[in-house]
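Notes follow once the structure below has been shown.
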Amino acid sequence: MTTNAITISLAEIREQSPCAVGWRKVLAAKGGKDADMEARFPLADIIETNSLDDCLWAMRCRPEYNNLWRKYAVWCARQVEHLMTDDRSKSALNVAWRHSDGLATDEELAAGGGAARAAARATGGGAAWAATSAAASSAGSSAARAAARASAWDVARATAWAAQKQKLIEILNAGEWV
């Protein structure tokens, strides 16, 4: 374990009422019913024993890192920023990043989030669909286009998921933005 790694204990996780399936996995990985509930372990371990989703959920147990968690969320969104066609969404990312550095107020953050939600409603998520449609445009029939679109979407999602997982492991092990 890196000395700066962000750690967590089973007790901290249990205090947040985890789902039964996720709790059983992490408990088993840390020694089962005989596990030391107070022993600290790297938060990144949860990615390996459970899943990225469970690790993201467990991050709520360490609210002192909320600004780091926000930076990570913005980084993830920036991976698909090229699909954002409304500047309100891009602006919201900038506000969220500045907020994580203490350079934007809570009010600015809330306003940016509201503007981004309005942009999402206005576009109906069309940018992502258009991108996968373009990837599938060479397919002949509508069924083939739909299958190619779904396949392109699955590949894009898996690629993004792997990059997000790797970035989060780096952050958790460093204990800071990297």
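What's the number of the only condition in (1) closer than 19 Å to L172 by Cβ; (2) surrounded by fewer than 19 Cβ atoms within 10 Å (Cβ to Cβ); (3) assigned by TED's automatic domain parsing to the domain that holds A156 that L103 fails to meet?
Evaluating L103 over (1) closer than 19 Å to L172 by Cβ; (2) surrounded by fewer than 19 Cβ atoms within 10 Å (Cβ to Cβ); (3) assigned by TED's automatic domain parsing to the domain that holds A156 leaves (1) as the failure.
Kindly indicate whether I46 is assigned to a helix (DSSP H, G or I), β-branched (V, I, T) and farther than 17 Å from Q166 by Cβ. Lay out the reasoning, then the answer.
Values: assigned to a helix (DSSP H, G or I): yes; β-branched (V, I, T): yes; farther than 17 Å from Q166 by Cβ: no.
Spelling it out, it is not the case that I46 is assigned to a helix (DSSP H, G or I), β-branched (V, I, T) and farther than 17 Å from Q166 by Cβ.
Applying the selection to region 147-178, what residues are closer than 25 Å to T85 by Cβ and at pLDDT below 60?
Correct list: A148, R149.
Take the residues in region 22-43 that are outside any helix (DSSP H, G or I) and of a type in the set (D, E, K, R); name whichever of them is nearest to K167 (Cα to Cα).
My answer is R40.
Would you confirm whether any residue within region 63-80 is without any contact (Cβ under 8 Å) to a residue 12 or more places away in the chain and among the aromatic types (F, W, Y)?
yes
Among the residues of region 67-75, is any farther than 30 Å from R24 by Cα, out of contact with any Asp or Glu (no Cβ under 8 Å at 6 or more places or on another chain) and either of a type in the set (S, T, Y) or not in a helix (DSSP H, G or I) (or both)? Before you say what the answer is, go through the steps one by one.
Within region 67-75, the first condition is being farther than 30 Å from R24 by Cα, and the residues that meet it are 74-75.
If we keep only those that are out of contact with any Asp or Glu (no Cβ under 8 Å at 6 or more places or on another chain) too, we end up with 74-75.
Those still in the list that are either of a type in the set (S, T, Y) or not in a helix (DSSP H, G or I) (or both) too: none.
No: zero hits.
Restricted to region 61-95, and to residues that are among the aromatic types (F, W, Y) and closer than 26 Å to S9 by Cβ, which residue is farthest from the chain's Cα centre (by Cα)?
Among them, the one singled out is Y65.
Could you go through region 49-67 and let me know if any residue there is farther than 28 Å from A116 by Cβ, surrounded by fewer than 18 Cβ atoms within 10 Å (Cβ to Cβ) and modelled with pLDDT of 95 or more.
Yes, that holds for at least one residue.
The values are calculated or read from the model by the stated rules, or taken from the named source; none is laboratory data. These figures come from a predicted structure and were not determined experimentally. Glycine also receives a Cβ, built like all others from the backbone with ideal geometry; neighbour counts cover every protein chain displayed.
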